[in-house]
Amino acid sequence: MADLNKPVIVLVRPQLGENIGKAARAMLNFGLTEMRLVSPRDGWPNPSAGPAASGADMVLEQAKVYETTAEAVADCAHVHATTVRKRGVTKPVIGADEAGRLVHTQPGRHAILFGPERSGLETEDVALARNILTIPINPEFGSLNLAQAVVLVSYEWARLGRELANADEVLVQPTVEEILPPAPQEELEGLVAHFEKLLEPLGYFFPEIRAEATRRTLRGVLTKPGWNHLEVRTLRGVLSTIERNRRD
(Lines give C-alpha, C1' and ligand atoms only; values in the text may rest on other atoms or scores of the structure.)
Protein backbone atom coordinates (compact mmCIF):
# COMPACT_ATOMS: atom_id res chain seq x y z
CA MET A 1 0.00 0.00 0.00
CA ALA A 2 1.33 3.43 -0.98
CA ASP A 3 2.47 5.81 1.76
CA LEU A 4 0.42 8.95 1.14
CA ASN A 5 2.90 11.06 3.12
CA LYS A 6 5.58 10.33 0.53
CA PRO A 7 5.41 12.14 -2.81
CA VAL A 8 5.75 10.32 -6.12
CA ILE A 9 8.75 11.60 -8.10
CA VAL A 10 7.87 11.79 -11.80
CA LEU A 11 10.68 12.29 -14.32
CA VAL A 12 9.13 13.50 -17.56
CA ARG A 13 10.99 12.46 -20.71
CA PRO A 14 14.39 12.13 -18.99
CA GLN A 15 17.27 11.95 -21.45
CA LEU A 16 20.20 10.22 -19.79
CA GLY A 17 20.23 7.00 -17.79
CA GLU A 18 22.92 8.47 -15.54
CA ASN A 19 20.59 11.28 -14.53
CA ILE A 20 17.81 8.84 -13.70
CA GLY A 21 20.25 6.93 -11.49
CA LYS A 22 21.43 10.09 -9.76
CA ALA A 23 17.83 11.15 -9.16
CA ALA A 24 17.14 7.74 -7.58
CA ARG A 25 20.17 8.21 -5.33
CA ALA A 26 18.89 11.64 -4.30
CA MET A 27 15.45 10.25 -3.51
CA LEU A 28 16.63 7.37 -1.35
CA ASN A 29 18.90 9.64 0.68
CA PHE A 30 15.71 11.22 2.03
CA GLY A 31 13.54 8.12 2.19
CA LEU A 32 11.63 8.45 -1.08
CA THR A 33 11.29 5.31 -3.16
CA GLU A 34 8.51 5.74 -5.75
CA MET A 35 9.82 6.90 -9.12
CA ARG A 36 7.75 7.13 -12.29
CA LEU A 37 9.25 7.70 -15.73
CA VAL A 38 7.42 9.27 -18.66
CA SER A 39 8.80 8.18 -22.05
CA PRO A 40 12.50 8.07 -21.15
CA ARG A 41 14.45 8.96 -24.29
CA ASP A 42 16.75 5.93 -24.24
CA GLY A 43 14.13 3.44 -23.05
CA TRP A 44 13.92 1.53 -19.81
CA PRO A 45 15.66 -0.23 -18.12
CA ASN A 46 18.81 1.71 -18.90
CA PRO A 47 22.21 0.13 -18.08
CA SER A 48 23.71 3.53 -17.28
CA ALA A 49 21.27 4.18 -14.44
CA GLY A 50 22.50 1.50 -12.03
CA PRO A 51 26.11 2.68 -11.51
CA ALA A 52 24.96 6.29 -11.13
CA ALA A 53 22.42 5.29 -8.48
CA SER A 54 25.26 4.22 -6.14
CA GLY A 55 23.21 1.58 -4.38
CA ALA A 56 19.72 3.04 -4.76
CA ASP A 57 18.79 -0.02 -6.81
CA MET A 58 15.42 -0.54 -5.13
CA VAL A 59 14.20 2.77 -6.52
CA LEU A 60 15.20 1.81 -10.05
CA GLU A 61 13.81 -1.71 -9.78
CA GLN A 62 10.42 -0.41 -8.69
CA ALA A 63 10.28 2.45 -11.21
CA LYS A 64 7.23 2.42 -13.47
CA VAL A 65 7.15 3.69 -17.05
CA TYR A 66 4.27 5.61 -18.65
CA GLU A 67 3.72 6.98 -22.14
CA THR A 68 2.23 10.30 -21.06
CA THR A 69 2.43 12.59 -18.06
CA ALA A 70 -1.35 12.42 -17.61
CA GLU A 71 -1.16 8.63 -17.24
CA ALA A 72 1.69 8.89 -14.75
CA VAL A 73 -0.29 11.14 -12.39
CA ALA A 74 -3.77 9.71 -12.98
CA ASP A 75 -4.07 8.38 -9.41
CA CYS A 76 -2.71 11.55 -7.77
CA ALA A 77 -4.90 14.17 -6.13
CA HIS A 78 -2.14 16.82 -6.08
CA VAL A 79 0.37 17.49 -8.86
CA HIS A 80 3.23 19.97 -8.46
CA ALA A 81 5.26 21.01 -11.52
CA THR A 82 8.87 22.09 -11.00
CA THR A 83 9.77 24.93 -13.35
CA VAL A 84 11.28 28.40 -13.24
CA ARG A 85 8.93 29.59 -16.00
CA LYS A 86 5.14 29.78 -15.93
CA ARG A 87 5.00 28.68 -19.59
CA GLY A 88 1.71 30.36 -20.40
CA VAL A 89 -0.36 28.88 -17.57
CA THR A 90 -1.73 30.58 -14.46
CA LYS A 91 -1.10 28.49 -11.35
CA PRO A 92 -0.26 29.23 -7.72
CA VAL A 93 3.52 29.41 -7.28
CA ILE A 94 5.01 27.69 -4.23
CA GLY A 95 8.49 26.90 -2.94
CA ALA A 96 9.96 23.50 -2.10
CA ASP A 97 9.24 24.08 1.60
CA GLU A 98 5.56 24.74 0.98
CA ALA A 99 5.36 21.71 -1.32
CA GLY A 100 6.82 19.57 1.47
CA ARG A 101 4.27 20.91 3.91
CA LEU A 102 1.40 20.23 1.52
CA VAL A 103 2.48 16.61 1.08
CA HIS A 104 2.43 16.08 4.84
CA THR A 105 -0.83 17.94 5.54
CA GLN A 106 -3.07 17.60 2.47
CA PRO A 107 -4.76 14.19 2.06
CA GLY A 108 -4.36 12.23 -1.17
CA ARG A 109 -1.39 11.25 -3.32
CA HIS A 110 1.08 13.95 -4.32
CA ALA A 111 3.19 13.84 -7.48
CA ILE A 112 6.13 16.15 -8.21
CA LEU A 113 7.01 16.58 -11.88
CA PHE A 114 10.56 17.16 -13.13
CA GLY A 115 11.14 17.95 -16.79
CA PRO A 116 13.78 16.89 -19.33
CA GLU A 117 17.34 18.01 -18.69
CA ARG A 118 17.58 20.35 -21.66
CA SER A 119 14.21 22.06 -21.84
CA GLY A 120 12.21 21.37 -18.68
CA LEU A 121 8.50 20.69 -18.59
CA GLU A 122 6.29 21.58 -21.55
CA THR A 123 3.16 23.70 -21.16
CA GLU A 124 0.98 20.59 -21.48
CA ASP A 125 2.78 19.02 -18.52
CA VAL A 126 2.46 22.10 -16.33
CA ALA A 127 -1.23 22.38 -17.22
CA LEU A 128 -1.85 19.11 -15.32
CA ALA A 129 -0.51 20.58 -12.08
CA ARG A 130 -2.25 22.36 -9.23
CA ASN A 131 0.88 24.35 -8.39
CA ILE A 132 4.10 25.55 -9.95
CA LEU A 133 7.00 24.58 -7.69
CA THR A 134 9.99 26.84 -8.06
CA ILE A 135 13.21 27.51 -6.16
CA PRO A 136 14.65 31.03 -5.64
CA ILE A 137 17.98 30.57 -7.39
CA ASN A 138 20.32 33.14 -8.94
CA PRO A 139 18.31 34.85 -11.74
CA GLU A 140 21.54 35.37 -13.67
CA PHE A 141 22.45 31.68 -13.58
CA GLY A 142 19.56 29.25 -13.28
CA SER A 143 21.25 25.95 -14.06
CA LEU A 144 20.21 23.18 -11.66
CA ASN A 145 20.63 19.68 -13.04
CA LEU A 146 17.94 17.04 -12.62
CA ALA A 147 19.44 15.30 -9.58
CA GLN A 148 20.08 18.63 -7.82
CA ALA A 149 16.45 19.61 -8.26
CA VAL A 150 15.29 16.26 -6.87
CA VAL A 151 17.67 16.64 -3.90
CA LEU A 152 16.29 20.06 -2.98
CA VAL A 153 12.65 19.01 -3.14
CA SER A 154 13.28 15.70 -1.35
CA TYR A 155 15.25 17.43 1.40
CA GLU A 156 12.49 19.95 2.07
CA TRP A 157 9.91 17.15 2.25
CA ALA A 158 12.06 15.26 4.77
CA ARG A 159 12.85 18.39 6.80
CA LEU A 160 9.19 19.39 7.06
CA GLY A 161 8.31 15.86 8.12
CA ARG A 162 10.76 16.04 11.03
CA GLU A 163 9.58 19.53 11.92
CA LEU A 164 5.94 18.51 12.05
CA ALA A 165 6.72 15.33 13.98
CA ASN A 166 8.63 17.28 16.62
CA ALA A 167 6.24 20.22 16.84
CA ASP A 168 5.04 21.10 20.33
CA GLU A 169 1.53 21.55 19.02
CA VAL A 170 0.32 18.74 16.82
CA LEU A 171 -1.35 19.97 13.65
CA VAL A 172 -4.80 18.47 13.40
CA GLN A 173 -7.14 18.25 10.45
CA PRO A 174 -10.61 19.80 10.65
CA THR A 175 -13.02 17.75 12.71
CA VAL A 176 -15.66 17.68 9.99
CA GLU A 177 -15.60 14.08 8.86
CA GLU A 178 -17.30 14.85 5.56
CA ILE A 179 -14.23 16.69 4.23
CA LEU A 180 -12.85 14.57 1.40
CA PRO A 181 -9.49 14.74 -0.37
CA PRO A 182 -9.29 16.15 -3.90
CA ALA A 183 -10.23 13.78 -6.69
CA PRO A 184 -7.34 12.01 -8.46
CA GLN A 185 -6.11 13.47 -11.73
CA GLU A 186 -7.81 10.70 -13.73
CA GLU A 187 -11.26 11.86 -12.58
CA LEU A 188 -10.41 15.50 -13.35
CA GLU A 189 -9.29 14.47 -16.83
CA GLY A 190 -12.69 12.86 -17.33
CA LEU A 191 -14.41 16.07 -16.25
CA VAL A 192 -12.28 18.20 -18.58
CA ALA A 193 -12.94 15.83 -21.48
CA HIS A 194 -16.69 15.91 -20.76
CA PHE A 195 -16.73 19.71 -20.88
CA GLU A 196 -14.75 19.72 -24.12
CA LYS A 197 -17.12 17.17 -25.68
CA LEU A 198 -20.13 19.40 -24.96
CA LEU A 199 -18.46 22.66 -25.94
CA GLU A 200 -16.79 21.53 -29.17
CA PRO A 201 -19.96 21.40 -31.35
CA LEU A 202 -21.08 24.75 -29.92
CA GLY A 203 -18.04 26.50 -31.37
CA TYR A 204 -16.55 27.35 -27.99
CA PHE A 205 -13.02 26.62 -29.19
CA PHE A 206 -13.30 28.98 -32.18
CA PRO A 207 -11.25 30.53 -33.70
CA GLU A 208 -8.93 27.61 -34.30
CA ILE A 209 -5.82 29.70 -33.69
CA ARG A 210 -6.93 30.25 -30.08
CA ALA A 211 -8.29 26.73 -29.47
CA GLU A 212 -5.24 25.36 -27.66
CA ALA A 213 -5.00 28.37 -25.33
CA THR A 214 -8.75 28.21 -24.64
CA ARG A 215 -8.52 24.50 -23.76
CA ARG A 216 -5.61 25.21 -21.45
CA THR A 217 -7.52 27.98 -19.67
CA LEU A 218 -10.57 25.77 -19.29
CA ARG A 219 -8.42 23.01 -17.81
CA GLY A 220 -6.92 25.48 -15.34
CA VAL A 221 -10.36 26.68 -14.22
CA LEU A 222 -11.60 23.11 -13.70
CA THR A 223 -8.52 21.79 -11.88
CA LYS A 224 -7.80 24.81 -9.66
CA PRO A 225 -10.57 24.34 -7.01
CA GLY A 226 -9.42 20.85 -5.96
CA TRP A 227 -12.83 19.17 -6.35
CA ASN A 228 -13.30 15.96 -4.39
CA HIS A 229 -14.64 12.86 -6.15
CA LEU A 230 -18.26 13.55 -5.09
CA GLU A 231 -18.07 17.08 -6.49
CA VAL A 232 -16.57 15.80 -9.74
CA ARG A 233 -19.34 13.19 -9.94
CA THR A 234 -21.95 15.93 -9.38
CA LEU A 235 -20.49 18.09 -12.14
CA ARG A 236 -20.37 15.12 -14.50
CA GLY A 237 -24.04 14.46 -13.66
CA VAL A 238 -24.95 18.06 -14.51
CA LEU A 239 -23.16 17.77 -17.85
CA SER A 240 -24.83 14.44 -18.61
CA THR A 241 -28.25 15.96 -17.89
CA ILE A 242 -27.55 18.87 -20.24
CA GLU A 243 -26.32 16.40 -22.86
CA ARG A 244 -29.50 14.28 -22.63
CA ASN A 245 -31.79 17.29 -22.83
CA ARG A 246 -29.99 18.56 -25.92
CA ARG A 247 -30.68 15.25 -27.67
CA ASP A 248 -34.41 15.22 -26.74
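The set of residues from segment 198-225 being open to solvent by 60 Å² or more (accessible area, probe 1.4 Å), touching a residue at least 12 places away in the same chain (Cβ under 8 Å) and closer than 15 Å to residue 235 by Cβ comprises just one member, 224. Mind telling me which of the residues 178, 186 ends up being open to solvent by 90 Å² or more (accessible area, probe 1.4 Å) and at pLDDT below 90? It is 178.
Let's see how each residue does on (1) touching a strand residue (DSSP E or B) at 6+ places or on another chain (Cβ under 6 Å); (2) at pLDDT 95 or above:
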| residue | (1), (2) |
| --- | --- |
| 63 | yes, yes |
| 71 | no, yes |
| 90 | no, no |
| 93 | yes, no |
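Just give me the residues in segment 230-248 being part of a helix (DSSP H, G or I) and modelled with pLDDT under 85, in sequence order. Scanning segment 230-248 gives 243, 244, 245, 246, 247.
Number of residues in segment 153-171 that are in contact (Cβ under 8 Å) with a residue 12 or more places away in the chain, surrounded by fewer than 19 Cβ atoms within 10 Å (Cβ to Cβ) and in a helix (DSSP H, G or I): the value is 5. I need the full set of residues from segment 123-141 which are part of a loop (DSSP other than H, G, I, E, B) and either touching a Pro at 6+ places or on another chain (Cβ under 6 Å) or buried (at least 16 other Cβ atoms within 10 Å of the Cβ) (or both), in order please. Result: 127, 128, 129, 130, 134, 135. Residue 117 - would you say it is without any contact (Cβ under 8 Å) to a residue 12 or more places away in the chain and either part of a loop (DSSP other than H, G, I, E, B) or under 24 Å from residue 28 (Cβ atoms) (or both)? It is false that residue 117 is without any contact (Cβ under 8 Å) to a residue 12 or more places away in the chain and either part of a loop (DSSP other than H, G, I, E, B) or under 24 Å from residue 28 (Cβ atoms) (or both). For segment 226-245, a tally of residues being over 26 Å from the mean Cα position of the chain (by Cα), in contact (Cβ under 8 Å) with a residue 24 or more places away in the chain and open to solvent by 60 Å² or more (accessible area, probe 1.4 Å) returns 1.
Listed by position, the helices (runs of 4 or more DSSP H) inside segment 1-108 whose residues that are without any contact (Cβ under 8 Å) to a residue 24 or more places away in the chain and open to solvent by less than 20 Å² (accessible area, probe 1.4 Å) number at least 3 form an empty set.
The values are calculated or read from the model by the stated rules, or taken from the named source; none is laboratory data. Nothing here was measured: the structure is a model prediction, and the numbers come from that model. Note: ideal-geometry Cβ built from the backbone for every residue, glycine included; neighbour counts use all protein chains shown. For accessibility, only protein heavy atoms count, side chains too; no ligands or nucleic acids. Shrake-Rupley method; radii C 1.70, N 1.55, O 1.52, S 1.80 Å.
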